[in-house]
Amino acid sequence: MKASKLAYKPVELALGAVSGMIAGAAFKQVWKVVEGENDAPSATDENRSWKQVLIAAAIQGAIFAVVKAAVDRSGAVVTRRVTGTWPG
């Protein structure tokens, strides 16, 4: 493994945590708009329909994927600016 990849690992882990927090907050806001409720259904919530559970999961997954890609890409761009090498 190249030294630059190894050095980027802690940054990548931190960015993953940050992207998870951002995605979670974004999902909560989107869910309020979609269903008008503060709490999204969990898969084991027996008071929610299949439709609600699956729609919530799809929205949450899409938001997480977009936020993670944006944060990871931004981290790579900043790393290139600072070190001169792309961390991938």
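We did not get these values from a lab; they are worked out from the coordinates using the rules stated. In this text, all values refer to a predicted model and were calculated from it rather than measured experimentally. Note that we place each Cβ from the backbone using ideal geometry, even for glycine, and neighbour counts take in every protein chain shown.
Give segment 1-40 a look and list any residue that's assigned to a helix (DSSP H, G or I), within 21 Å of K51 (Cβ to Cβ) and acidic (D, E), or say none.
E35
So, in segment 47-76, how many residues would count as being surrounded by 14 or more Cβ atoms within 10 Å (Cβ to Cβ), more than 20 Å from L13 (Cβ to Cβ) and aliphatic (A, V, I, L, M)? Give the steps one after another, and end with the answer.
Within segment 47-76, the subset surrounded by 14 or more Cβ atoms within 10 Å (Cβ to Cβ) is 48, 52-53, 55-57, 59-60, 63-64, 67-68, 71-72, 75-76.
This time we only want the ones that are more than 20 Å from L13 (Cβ to Cβ), so: 48, 52-53, 55-57, 59-60, 63.
Pick out the ones that are also aliphatic (A, V, I, L, M) and you get 53, 55-57, 59, 63.
Qualifying residue count, segment 47-76: 6.
Can you name the residue in segment 77-88 that is touching a helix residue (DSSP H, G or I) at 6+ places or on another chain (Cβ under 8 Å) and part of a helix (DSSP H, G or I) and, of all such residues, is surrounded by the fewest Cβ atoms within 10 Å (Cβ to Cβ)?
T83
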